[in-house]
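Here, each number is a calculation from the coordinates, and none is a lab measurement. Please read all numbers here as calculations on a predicted model, not as lab measurements. Cβ placement follows ideal geometry from the backbone for every residue including glycine, while neighbour counts extend to all protein chains displayed.
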Amino acid sequence: EADIYQTPRYLVIGTGKKITLECSQTMGHDKMYWYQQDPGMELHLIHYSYGVNSTEKGDLSSESTVSRIRTEHFPLTLESARPSHTSQYLCASSDTGVWTEKLFFGSGTQLSVL
Amino acid sequence: GQNIDQPTEMTATEGAIVQINCTYQTSGFNGLFWYQQHAGEAPTFLSYNVLDGLEEKGRFSSFLSRSKGYSYLLLKELQMKDSASYLCAVSGNYGQNFVFGPGTRLSVLP
């Protein structure tokens, strides 16, 4: 079944560690996104990609980086985690064409940095 | 830039009808979307309006007026499972200008 997957679901890590949040989709979508969301707050776009080797920063400044080497894979990396990075990170994908902004979201990664 | 406003919270009774409003100001317009998000879960797509008027989908309907920068989501025959946040999202110029509003937290009471 076509879907979008995020791992890990929960992550607790110490300050200064390097972490990578994984996101994969099997829908063949060209567009992929990373959003950050604090509890009860709005979604903020931190990175997006329109295809392989294409990555852009979003509206919210972030110390994370992303890569898009394969269509289905869009990992997000924090080189040195800090408590201010504690948040939920949501990955999404969408197709091109008329329904380009119909986003399909993964289940999210809840990150806690101690 | 883009600005989207929604009420922060709403409360309604099971079986009733509720209307969640959304006003927006954007540079360009490609469409308006409504998403539902249950606590601790990812958003799921509900509806999409690109032209003025009402789009009906079962118990959910969404209305758009582009000249007024206004949309609403109408939920009929409310059920307890409809308790969630409802996010209004607008696509401005093609591509990256897709912005979510702050969301409206709806509580359905028995």
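Name the single residue that is farthest from residue B:19 (Cα to Cα) among those in segment B:50-63 being within 14 Å of another protein chain (Cβ to nearest Cβ) and surrounded by 14 or more Cβ atoms within 10 Å (Cβ to Cβ). Before you say what the answer is, go through the steps one by one.
Here is the first cut: in segment B:50-63, the residues within 14 Å of another protein chain (Cβ to nearest Cβ) are B:50-51, B:55, B:57, B:62.
Cutting the leftovers down to surrounded by 14 or more Cβ atoms within 10 Å (Cβ to Cβ) gives us B:50, B:55, B:62.
On the way: B:50: 19, B:55: 14, B:62: 9 Å.
Looking at residues that are within 14 Å of another protein chain (Cβ to nearest Cβ) and surrounded by 14 or more Cβ atoms within 10 Å (Cβ to Cβ), I get B:50.
Scanning for something touching a strand residue (DSSP E or B) at 6+ places or on another chain (Cβ under 6 Å), buried (at least 20 other Cβ atoms within 10 Å of the Cβ) and outside any loop (DSSP other than H, G, I, E, B), does segment A:73-86 turn up at least one residue? Yes, segment A:73-86 contains a residue that is touching a strand residue (DSSP E or B) at 6+ places or on another chain (Cβ under 6 Å), buried (at least 20 other Cβ atoms within 10 Å of the Cβ) and outside any loop (DSSP other than H, G, I, E, B). Kindly indicate whether residue B:27 is over 19 Å from residue A:103 (Cβ atoms) and in contact with a Ser or Thr (Cβ under 8 Å, 6 or more places away or on another chain). Here the answer is no, as residue B:27 does not meet what is asked. Could you list all residues from segment A:7-60 that are away from chain B (no Cβ under 14 Å), within 25 Å of residue B:39 (Cβ to Cβ) and part of a loop (DSSP other than H, G, I, E, B)? Across segment A:7-60, the qualifying residue is only A:8.
Every condition in (1) farther than 17 Å from residue A:102 by Cβ; (2) of a type in the set (Gly, Ala, Ser); (3) in contact with an Asp or Glu (Cβ under 6 Å, 6 or more places away or on another chain) holds for residue B:62 except the one numbered (1). Here segment B:4-28 is the region considered, the condition is being closer than 12 Å to residue B:70 by Cα and more than 10 Å from chain A (Cβ to nearest Cβ), and the residue that is surrounded by the fewest Cβ atoms within 10 Å (Cβ to Cβ) is B:25. If you go through segment B:83-110 and keep only what is without any contact (Cβ under 8 Å) to a residue 40 or more places away in the chain and not polar (S, T, N, Q), you end up with B:95, B:98.
Each residue in segment A:1-51 was checked for being touching a residue at least 60 places away in the same chain (Cβ under 8 Å), of a type in the set (Val, Ile, Thr) and buried (at least 18 other Cβ atoms within 10 Å of the Cβ), and 2 of them qualify. When the criteria are applied in full, residue B:72 meets the requirement of being touching a residue at least 24 places away in the same chain (Cβ under 8 Å), more than 14 Å from chain A (Cβ to nearest Cβ) and either outside any loop (DSSP other than H, G, I, E, B) or not aliphatic (A, V, I, L, M) (or both). Counting only residues that are at the interface with another protein chain (Cβ under 9 Å from one of its Cβ atoms), surrounded by fewer than 15 Cβ atoms within 10 Å (Cβ to Cβ) and in contact (Cβ under 8 Å) with a residue 12 or more places away in the chain, segment B:29-49 holds 1 of them. Of the residues examined, residue A:67 is not one that is under 26 Å from residue B:5 (Cα atoms) and in contact (Cβ under 8 Å) with a residue 12 or more places away in the chain. Taking the condition within 24 Å of residue B:50 (Cβ to Cβ) and among the aliphatic types (A, V, I, L, M), does residue A:27 pass? Criteria met by residue A:27.
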